[in-house]
Amino acid sequence: MSDEQTADQSRPGQQPGRPGRRLARAGRRLGSVSRTAGRGFGRAARSRATRRIGVALAVVAVSLAGVVIGVLLGARADVDIGPFRAEMSVTPAVDGGTTMAIPPLGALHVDSHEGPVQLSIRLGSLDQVRPLALLDDPNAITRASQTVVGDVTEGVLRLGIRTIAVAVLTTLILAALVFRDTRRVAWSGTLALLITGGSIGVAATTIRPESIEEPRYEGLLVNAPAVVGDVQRIATNYSQYAEQLQHIVSNVSRIYTTVSTLPVYQAAEGTTRVLHVSDMHLNPTGWSVIRTVVEQFDIDVVIDTGDITDWGSEPEANYVASIGLLEVPYVFIRGNHDSIRTQEAVASQPNAIVLDNEVTEVAGLTIAGIGDPRFTPDKQTSPADGGLSKPATDQVIGVGEQLAATIRGTDEPVDIALVHDPVSAGPLSGTTPLVLAGHTHNREVRMLAEIPGEQPTRLMVEGSTGGAGLRGLEGEEPTPLAMTVLYFDAEHQLQAHDDIRIGGTGQAQVTLERHVVAGPEPDPDPSASPSGSAVPDPSATANSTPSTVPEPSPS
């Protein structure tokens, strides 16, 4: 090669020869192919991941659907409980709990466990031969009732196993129809087993045996005492829970075999039953309900915390004549809708006792009461928002102070104090263990602010026994009729209360909720307390969460 050719090839910026151009084009094609292949592999990988997620979600959905369908269709078992043929079933639920249906008496609802399953027990047909045998042999009922807990336990175990089996089998069938793939069917069945077993496990680990102390009854009012039972017979631990279950079965057995009467648990010796009513507001339905409760619950005394009428007029005085038909003492204090003429009409009834800053003894209980200082039969006498003005507040609190002074001046300790408006209850803290009130048309139970060195005081505000009268029909739903049965022991201590609630004017559904009040803790050193006995814990109630509601438009 000459020097000129060498110089020409080494000049800066000179284009390469033909072989160099081919090599450059090949490199560019290779790079393009590599990028295309990379994008293809990326899309394929993403497609596989998306498909796997979709398959997993489909497996979960099919498993859940299979479990729900299987539980709804097949999670039930027939068992013998005493003389009954009962049906047990499990249904999906958020709150859990147990429902025991006792046709035709009604149903008991117990907050026995947490979700996500609810246990239902329905007493069905009665073996006619077995009850007759029980009646012929005095010891047969005892022997039969001892097997009730074992029957229920065995039935629950059978139901749990059946529920798991049905749920898994249904899921396998559904998965086979949807996927037609053995692996996916297997995964669906395994997941169904975990879901069903886990749900039953959660229910089993959250069982609350003490929940039987506070059953909620729904059904006919006349059957409530027979189904719920006497307060002294209610369980306080698991063994007593088993005993109570035996009593329920024994009672219902007698109901089916002796249709002429309804068996009611005998009251414990010394038990006093008080019916608290308030705010009747001229509703005639309230009297029929009160008479039914007085008869069925064997009430000793009725306490009315006012507003028996609406306008306090003389024609309304005839409404109170039904008091004399109750055949039990009727203790009354005046409400803000009751006039002096209303009070006089009540006092004229042969069994009525009217208290106005006075103390009396009825059915062994010492009761103090005072009438409401206001007479406000129309809404124009108070602010439209239902609040109290400063003078009205001072007036209402003032009657509470008057009654507190009267109680402190008595020789005997007062068991119950009565006021119409809960605002009057504050000054009564420490003077009595229990204050009853009304006025707000909303049930409320709470402890008053405790005074150091004084006994705790519980305030119980009743709803409207008359469903707020005609004004109860102003809303979309009628105001429910409300009343409470209070149980006092021989020492005049409140042991429990049954809250009764009827759907409202024109409605017949009844709900009864029992609340058990814990007794006082024993005092290791009697001399440490002036009275020589322990002071009850103000929070020691079966349902200790207070629910405070604002006062509505003046009642």
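What follows is calculated from the coordinates using simple rules that are stated; it is not laboratory data. The shown structure was predicted, so the numbers you read here are calculated from the model rather than taken from an experiment. Here the Cβ positions follow ideal geometry from the backbone for every residue, glycine too, while neighbour counts run over all protein chains shown.
Some values worked out for this structure:
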read-out: Residues of the range 410-454 classified as under 13 Å from residue 368 (Cα atoms) and among the acidic types (Asp, Glu), total; value: 3
read-out: Search result, residues across the range 107-123 that are assigned to a loop (DSSP other than H, G, I, E, B) and of a type outside the set (Ser, Thr, Tyr); value: 111, 113, 114, 115, 116
read-out: Considering residues of the range 268-300 that are among the acidic types (Asp, Glu) and farther than 20 Å from residue 333 by Cβ only, the residue surrounded by the fewest Cβ atoms within 10 Å (Cβ to Cβ); value: 269
read-out: Scan of the range 324-344 for residues that are aliphatic (A, V, I, L, M) and surrounded by fewer than 24 Cβ atoms within 10 Å (Cβ to Cβ), ordered by number; value: 325, 326, 328, 340
